[in-house]
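What follows is a single structure, written as structure tokens, with notes after it.
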Amino acid sequence: MKNVHNFSAGPAALPRQALEKAQASFLNYDASQVSIMEMSHRSKTYENVHFQAISRLKSLMNLDEDTHVLFFQGGANLQFSMVPMNFLNNQSSYVLTGVWSEKAANEAKRFGTIDVQTQAKESGFSTIPSPDELSYNDENSYLHITSNNTIYGTQWKTFPHQKLPLVCDMSSDILSRDIDYNAFDLIYAGAQKNLGPAGVTIVVVKDSFLKNAHVDVSPMLSYQTFAKSQSMYNTPPVFSIYMLNLVLEWIESEGGVSVIEARNEKKASLLYDIIDRSEGFYRGHAEKEARSTMNVTFNLQNNDLEKMFLQEAEEAGLIGLPGHRLVGGIRASIYNAVPLESCEVLAAFMDSFKRKHS
Ligand code: PLP
């Protein structure tokens, strides 16, 4: 079989080690003679998996004691609604740095007034504002940001320090870098990029912020319900949480988040170096200081060349590279589970494609 290097934006590559472990116990989990998918979520066997995943997240993110780790279904899109539904009183601030943050802000408009920050749209979402450029009304319920803009390939490097509670969509860079996760009051992330398969969304919420949540919210849409029931209010997505736990185990076995971060930086710089040395053959979408270590986005001189690039890349076993339909071009998503070797192969391909076609 041809060696394939997977640069899919999500669902995305998973660590081989986690997939192999799942395969080995697929039909007979822990000598139970049944799959983890076939047993009660109230069984001790499943509970062990569930609580191990929570405690691994707490430890890898170095979370304060008073922080809840919750599991929801419905993807990050449901969080766009749940955040304002639970926390928006009159007005909240949203920093628009891409399509996902726009979607989050539009959803919040159903529940109150939105004070929108930044002009990043005017530059095709190629930048991230400096935290000092932003001004807030201290009366607002929270400030919402998107730490990594999957479609445009931009990423916040330093985060706003303000009086408002900070809410962050970390769907495409959670656990990719060793940041202070306790600086956020609520973090949410769909698992299907850095943490596992689709089907589970991780929410990390501080108890002090959770206390502000509205109490008249339907139980399935209430953070308080899920905190009280430890995400077992109804049947959780057991298989996705089981896979999440295996991916977290893999991060631990690699040496933790700081080791993963150093590798991610190396992977990204291999590709950005080729772009920067290409004398305009490859044109990076993001401004240099805002470049993402997770999604490397670029264009070639014209559509025909981009089509040829994608076709030749696929023939060489490099898959998942077409840019998002809104921006076109090329996007290499290089989440935690994408090996350094895949980036080396892509960098070599980019180099030889340029030599062949310029
Ligand atoms: N937020 C970000 C940053 C994303 O990249 C995505 C999906 O790619 C979403 C939200 C939407 O996630 P979901 O499909 O889990 O609702």
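Brief remarks on what is shown
- In a residue-by-residue description of region 205-215, the property of being within 12 Å of the ligand (Cβ to nearest atom), under 30 Å from Ala268 (Cβ atoms) and touching a helix residue (DSSP H, G or I) at 6+ places or on another chain (Cβ under 7 Å) applies to no position.
- Qualifying residues in region 276-311 (those that are charged (D, E, K, R) and in a helix (DSSP H, G or I)) - the one farthest from the chain's Cα centre (by Cα): Asp304
So that you can scan it fast, the table gives a plain yes or no per residue for (1) within 18 Å of the chain's Cα centre (by Cα); (2) within 12 Å of the ligand (Cβ to nearest atom); (3) assigned by TED's automatic domain parsing to the domain that holds Ser172:
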position	(1), (2), (3)
Glu107	no, yes, yes
Thr113	no, no, yes
Ile128	yes, no, yes
Asp132	no, no, yes
His144	yes, yes, yes
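- Pairs are defined by a Cβ separation below 9 Å, a sequence spacing of at least 6 or placement on different chains, a first member in region 65-89 that is on the phi > 0 side of the Ramachandran plot, and a second member that is within 8 Å of the ligand (Cβ to nearest atom) and of a type outside the set (Gly, Ala, Ser); the pairs so defined are Gly74/Thr201; Gly75/Gln192; Gly75/Thr201.
- Of all the numbered requirements in (1) over 15 Å from Ser292 (Cα atoms); (2) of a type in the set (Phe, Trp, Tyr); (3) within 14 Å of the ligand (Cβ to nearest atom), Trp156 misses one, and that requirement is (1).
- Checked against the criterion of being within 27 Å of Val238 (Cβ to Cβ), assigned by TED's automatic domain parsing to the domain that holds Asn137 and either near the ligand (Cβ under 10 Å from one of its atoms) or of a type outside the set (Phe, Trp, Tyr) (or both), region 86-98 has at least one qualifying residue.
- Taking region 295-309 as the range and being of a type in the set (A, V, I, L, M) and either closer than 17 Å to Gly284 by Cβ or surrounded by 19 or more Cβ atoms within 10 Å (Cβ to Cβ) (or both) as the test, the residues that pass are Val296, Leu300, Leu305.
- Exclusive hit being in contact (Cβ under 8 Å) with a residue 40 or more places away in the chain and either of a type in the set (Lys, Arg) or outside the structural domain of Asn149 (by TED's automatic domain parsing) (or both), set Ala22, Ala9, Ala53: Ala9
For every residue, the table says whether it meets (1) of a type in the set (Gly, Ala, Ser); (2) touching a Lys or Arg at 6+ places or on another chain (Cβ under 8 Å); (3) more than 16 Å from Ala337 (Cβ to Cβ).
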{"residue": "Cys168", "(1), (2), (3)": "no, no, yes"}
{"residue": "Asn194", "(1), (2), (3)": "no, no, no"}
{"residue": "Val204", "(1), (2), (3)": "no, no, yes"}
{"residue": "Gln230", "(1), (2), (3)": "no, no, yes"}
{"residue": "Asn245", "(1), (2), (3)": "no, yes, no"}
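The values are calculated or read from the model by the stated rules, or taken from the named source; none is laboratory data. As the structure is a computational prediction, the values presented were derived from the model and not from experiment. Reconstructed Cβ throughout: ideal geometry from the backbone, glycine too, with neighbour counts over all protein chains shown.
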